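Participant: I'd like to ask some things about the structure below.
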Amino acid sequence: EFAIYKCESCNRITVLPKCEICDKPTKRLYYCQKCGLIPFEQCKHGKASPYTLKQIDIKTLITNITKRIDTPLPALVKGVRGTSNKDHIPEHPAKGILRAHHNITVNKDGTVRYDMTQMGITHFTPREIRTPVEKLRELGYLYDVDGRPLERDDQLLEIFPQDVILPACDASPDEGADKVFFRVSKFIDDLLVKLYGLEPFYNLNSPSDLVGHLVLGLAPHTSAAIVGRIIGFSKTQGYLAHPLFHAAHRRDLDGDESCLILLLDALLNFSRQYLPAHRGGIQDAPLVITVTLIPSEVDDMVFDMDCCQRYPLELYYAAQEYKMPWEVKVETVKDRLGKETQYYGYGFTHPVTDINNGVRCSAYKTIPSMEEKLKGQMEIAELISAVDEHTVAELVIEKHFIRDIKGNLRKFSMQQFRCVQCNEKFRRPPLKGICPVCNGRIIFTIAEGSIVKYLEPSLSLAKKYNLSPYLKQSLELLKRRVEDVFGKPKETQLGLRRWFG
Ligand SMILES: [Zn+2]
Ligand SMILES: [Zn+2]
Ligand SMILES: [Zn+2]
């Protein structure tokens, strides 16, 4: 299914709004059931379809395009099976080829995103974010928090509300935002030169040259992005920015996942027309862009954030008497709304030597298997006297394993079936036992292994920590349900060996 265009100078049909041979703009065509391809949407037979089924000679198309952008076809260019937007408009294939060439992946809306966990920051030193003092002065950081001119890399600075510090963590298995956005900038420069015939924009020599460039911050399930500016890189995995900036994503302040997009990438490659036609398709897309952050318009959760330099002694006295927090007046963001000080002069109570100190990558991320993660968790639980390992085991089983097994068991009984050869999907397996399209073998789409994988760990965990009879019996019943579906497992099966005891 493709939207159809016609190049009038080459007199040929194409699926692109610009002819890939002569580079002239093409004319959009519509498909009428009676007349065929027509140059207008409204036919005398009714409304013509904006797209039609069309065979395209992908080899010739790609050869023409790679010639035009003067880029060899990369070994692997990933794509999607069909288009899901209303008019079935595809992106220009040159973009996908150039992205593959620069080893970057794309979101459904045409942009490249970097996902991170949001973390608030109000102050930093140039050294912590590895940005030279001269560069920061260019960006407007002329004075430190005490009003002294910025000269050294250990002076403390208050972050501007729309500045962001990107993660470039050497302890994490994930690639840092510096490396990823550096490659995106190269992709965009290539795209401007080779496809659009324009000058390159970024011209970066190294990832640190990203400092000063603009980005869009966008939280999941929202469609309003906010413009930010990169000022440096931390060694953490956090997306460090002013609390007001995080609140402008319309999410909670801390620990939420959000993403950044290079601004020019969004302006150049985003299109509302790529978004799926179904409801929810416009979520997670930068449909609206906020350019200036106005504190009174951000998520009101941040309004209650304290911004004093130190807590008054009466707060501690009040705490001793178990008084409610609002009984002692402490300055919050709310008190500054509409005033000039809504943007600066935020205080903090405890200084740190370096924001990059401490554990920068959780063992949960580096330990490869769930079995080892859980064993590690239980070991720590046994070591820490403030933690009751029985409760930990109980919580892991109740909150994770049982839910996982029950959920997957239900999915198994409602699953689709699939042909191994032609990938045709079936609501129920055909009586014939083979694919009615190509005679291929029919298989499950949900594997037995994915259902039973946490059953044995739950049972052995419950036994080892001698958990309540209620929990043990719930697990026993669940085991019987699983056996009703799959039969009793052979004892020798590797995946079902005991994790505990
Ligand atoms: Zn043409
Ligand atoms: Zn017609
Ligand atoms: Zn088949």
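Participant: Quick query: amide H of residue 114 versus all other amide H atoms, modeled in the peptide plane; which residues come in under 5 Å with a sequence gap of 5 or more or a different chain?
Facilitator: The answer is 260.
Participant: Another question, if that's okay. What is the gain in length, in nm to one decimal, between residue 56 and residue 311 on full extension, counting 0.36 nm per residue of separation less the C-alpha to C-alpha distance?
Facilitator: 84.9 nm
Participant: Can you give me the long-range amide H partners of residue 331? Hydrogens built in the peptide plane at 1.01 Å from N, cutoff under 5 Å, separation of 5 or more residues or another chain.
Facilitator: 307, 308
Participant: Based on C-alpha coordinates, I'd like the Rg and Dmax of region 114-303, in Å.
Facilitator: 16.9, 56
Participant: In addition: May I ask which residue of 395, 231, 104 lies farthest towards the positive end of the charge dipole of the chain, with charges of +1 (Lys, Arg) and -1 (Asp, Glu) on Cβ and the Cα centre as origin?
Facilitator: Final value for the positive-end residue is 104.
Participant: Whose amide H sits under 5 Å from the amide H of residue 215, counting only residues 5 or more places off or on another chain, with H placed in the peptide plane?
Facilitator: 228, 229, 230, 263
Participant: Using Cβ contacts closer than 10 Å as the measure, can you line up 291, 80, 211 from fewest to most?
Facilitator: In order of increasing Cβ crowding within 10 Å: 291, 80, 211.
Participant: Take 9, 84 and order them by how many other Cβ atoms sit within 10 Å, fewest up front.
Facilitator: Lowest count first: 9, 84.
Participant: Could you give me the ³J(HN,Hα) list for region 264-275, computed from phi with Karplus coefficients 6.51, -1.76, 1.60 and θ = phi - 60°, whole Hz, x at Gly and Pro?
Facilitator: Whole-Hz 3J(HN,Hα) from phi for region 264-275: 5, 4, 5, 5, 8, 10, 6, 9, 4, 5, 7, 5.
Participant: Work through the residues other than residue 187 whose Cβ is under 9 Å from its Cβ and net out their charges, Lys, Arg +1 and Asp, Glu -1.
Facilitator: Computed value for this residue: +1.
Participant: Quick check: from the Cα gyration tensor, does the chain come out rounded (a/c under 1.5), prolate or oblate?
Facilitator: Here the chain falls in the oblate category.
Participant: Applying the Karplus parametrisation 6.51 cos²θ - 1.76 cosθ + 1.60 with θ = phi - 60° to the phi angles of region 354-370, what ³J(HN,Hα) value in whole Hz is obtained for each residue in order, glycine and proline being reported as x?
Facilitator: With coefficients 6.51, -1.76 and 1.60, one gets 7, 5, 8, 6, x, 6, 9, 9, 5, 4, 4, 7, 9, 6, x, 10, 4 Hz.
Participant: Å³ per residue of the Cα convex hull, for region 1-130?
Facilitator: 191
Participant: For the chain, what does the helix formula give at 222 nm: sum of -39500 (n - 2.57) over DSSP H segments with n ≥ 4, over the residue count, nearest 500 deg cm²/dmol?
Facilitator: Here the helix-only value at 222 nm equals -7500 deg cm²/dmol.
Participant: When the Karplus curve 6.51 cos²θ - 1.76 cosθ + 1.60 is applied with θ = phi - 60°, which whole-Hz ³J(HN,Hα) does each residue of region 79-93 get, with x for Gly and Pro?
Facilitator: Values, residue by residue: x, 10, 7, x, 10, 10, 7, 4, 8, 6, 8, x, 6, 5, x Hz.
Participant: Follow-up. Considering only the other residues whose Cβ falls under 13 Å of the Cβ of residue 212, what net charge follows from Lys and Arg at +1 and Asp and Glu at -1?
Facilitator: -1
Participant: Here's a follow-up. Points 7 angstrom from Cα along the Cβ direction at residue 156 and residue 474: gap in nanometres?
Facilitator: 4.8
Participant: Using a Förster distance of 22 Å, how high is the FRET efficiency between residue 35 and residue 6, based on the Cβ-Cβ distance and rounded to 0.05?
Facilitator: With a Förster radius of 22 Å, E is 0.90.
Participant: Starting from the Cα-Cα distance between residue 448 and residue 21, subtract it from 0.36 nm times their residue separation and give me the gain in nm to one decimal.
Facilitator: Between residue 448 and residue 21, full extension yields an extra 148.6 nm.
Participant: Set the bar at 20 Å for Cα to Cα. Now go through 78/411; 24/44; 411/453; 399/479; 399/464 and name every pair that lies beyond it.
Facilitator: 78/411; 24/44
Participant: Find out how many positive minus negative residues lie around residue 367, taking Lys and Arg as positive, Asp and Glu as negative, among other residues whose Cβ is under 14 Å from that of residue 367.
Facilitator: Every neighbour counted, the sum reads 0.
Participant: Calculate the spin-label point distance for residue 43 paired with residue 324, positioning each point 7 Å from the Cα along the beta-carbon direction, and give it in nanometres.
Facilitator: Between residue 324 and residue 43, the simple spin-label model gives 7.0 nm.
Participant: A follow-up question, please. Taking the Cβ-Cβ separation of residue 76 and residue 115 as r and a Förster radius of 25 Å, what is the calculated FRET efficiency to the nearest 0.05?
Facilitator: Result of the calculation: an efficiency of 0.65.
Participant: Using 1/(1 + (r/R0)^6) with R0 = 41 angstrom and r between the beta carbons of residue 366 and residue 421, what's the FRET efficiency to the nearest 0.05?
Facilitator: That gives a FRET efficiency of 0.55.
FYI, it's all coordinate maths here, none of it is from the lab. Predicted, not measured: the structure shown is a model, and the values here were computed from it. Positions of Cβ are backbone-derived with ideal geometry, glycine not excepted, and every protein chain shown enters the neighbour counts.
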